[in-house]
Structures are given as C-alpha cells and as structure tokens.
Amino acid sequence: VTRLGARGHLTHGLNYIMLSPEAIAAKSLDSILDGIRRDVRTIVDYRANSTLLAYVEAGQIGRLRQNPDVAFFYAMQPADKIDLQAGRRPLINKERALDPTFLLEVAIVPGGNGRSVKDRLARVPGVVEVADYGLEGSAYLVRADHKALGRLARVPDVLHIQESLELMQLNTRGVPTIMAGSAEDSHFIRPFDDAGVDGGGIDTNNNGQ
C-alpha cells in the first residue's frame, strides 16, 4: 500500500478513484477518463459520487498519484470482495451445509492473465480444487476450506467472491409449465387440475371411484 497523505492510498490491485469536482466542471468527462485509462490497467466499474473502481499495476501507481483530476484514492479492502451472505446463507443440501469447505464462485478482474490467476488461486492454502466457470477466465468455481476465504480475497485479481447458490425447480412452477407450456404465461394456472383431470381415470358408473 502506497500512502498519499490527504489524498488517501493506492495498492497494486483494485482501487477506488474519486474524480475532482473542479476537474469535471472545467474539462469534459471523456478527457478526464482518457487520462485515467492511460494510468490504470482497466476501469472495472463506475460508482456513485464520481468514483471509479480500477485495477492499478504496481508500476502505474507513481503516474496515477500525480494525476491532478483525482481528488481521492482508496485501496479496495479484501473484505469488500466477499459477499456478505458467504457462510451465512442456509443450505438445503445437508451434506453441503455440514461441509467445512465452501463451493465458491470467484469473479476475476477483466484484462488479466486468466491462466496465471487460476494457478495462483490453486496455490492458496486451504484451496481444494479450482475449475473453469466463466467465459475466457472471467470466473472460477473454487472449493476451499472456510478459513481460506480471506486469503482468496487478498489475491489482487479477485473481484468478487460468493458461495455458489443452490438451484432447484419447485412443483409450483413445474406443474403449470407441463400443463400449459409456461408457468409465467399461464399465470401459474393448472388447467388439467381445474378440469378434474387427476390421473385417476374416468368415473364411468358415476359412483365417485
């Protein structure tokens, strides 16, 4: 972490960059962003209050810190990368709920070397397995001990970490889909049930059987 006095601090990796209101008023936003892009690897996101989330290489810190269009820098903390529900969301699958390892979706900062990032994730203590998950190295499915969560977040190229969610189709959705072709288009109506078709056959002698 490189400390910049009243202007905050920068680190190799993800940083928040707050643009100067005076610079925005005096220049075009395009020219300011062009200057930022020359001094960062990539702009990852545009946030509120004229703030950018950008990935900064170690060798770019010196140039970026001198940019007069920036009012404040703040290195993204590893904890900011971890979803607040990680390890807290109830799981339906009992075996997975009791497992001390997490099944994690790890999103990666665009523009990096996906192969080297994957290798680095695999070397993090506590990581059991790393599998390709997103397109062109944009994310990985990582099985890791719960104690490895903080270490994974400290990898500079990691953008976001969350537990892989359980997905299941409910009967309330499946039945109207089978009967009408689409649960949404039929407003979840069950036309066969409404017509009395229950799979029990036809009551030919009207005795209720």
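Of the numbered criteria (1) open to solvent by 70 Å² or more (accessible area, probe 1.4 Å); (2) at pLDDT below 95; (3) in contact with a strand residue (DSSP E or B) (Cβ under 9 Å, 6 or more places away or on another chain), the one D30 fails is (3).
Which residue out of V175, V130 is of a type in the set (V, I, T) and either under 16 Å from the mean Cα position of the chain (by Cα) or under 21 Å from D83 (Cα atoms) (or both)?
Working: V175 fails: either under 16 Å from the mean Cα position of the chain (by Cα) or under 21 Å from D83 (Cα atoms) (or both).
Just one listed residue meets the conditions, V130.
Working only within region 128-139, note down all residues that are part of a strand (DSSP E or B) and open to solvent by 20 Å² or more (accessible area, probe 1.4 Å). Once the filter is applied, which keeps residues that are part of a strand (DSSP E or B) and open to solvent by 20 Å² or more (accessible area, probe 1.4 Å), region 128-139 yields V128, E129, V130, A131, D132.
From the list G199, G150, G174, the one residue that fits, being touching a residue at least 12 places away in the same chain (Cβ under 8 Å) and either among the small types (G, A, S) or assigned to a loop (DSSP other than H, G, I, E, B) (or both), is G150.
Here region 140-155 is the region considered, the condition is being out of contact with any helix residue (DSSP H, G or I) (no Cβ under 7 Å at 6 or more places or on another chain) and surrounded by fewer than 18 Cβ atoms within 10 Å (Cβ to Cβ), and the residue that is farthest from P90 (Cα to Cα) is R151. The single condition among (1) open to solvent by 80 Å² or more (accessible area, probe 1.4 Å); (2) among the β-branched types (V, I, T); (3) in contact (Cβ under 8 Å) with a residue 60 or more places away in the chain that V158 does not meet is (1). Among all residues of region 177-193, there is at least one that is closer than 30 Å to P90 by Cβ and in a helix (DSSP H, G or I).
The values are calculated or read from the model by the stated rules, or taken from the named source; none is laboratory data. Remember, predicted model here, so these are calculated numbers, not experimental data. Neighbour counts are summed over all protein chains in view; Cβ atoms, including those assigned to glycine, are modelled from backbone coordinates with ideal geometry. Just so you know, the surface numbers come from the protein's heavy atoms only, side chains and all, with ligands and any DNA or RNA stripped out. Shrake-Rupley method; radii C 1.70, N 1.55, O 1.52, S 1.80 Å.
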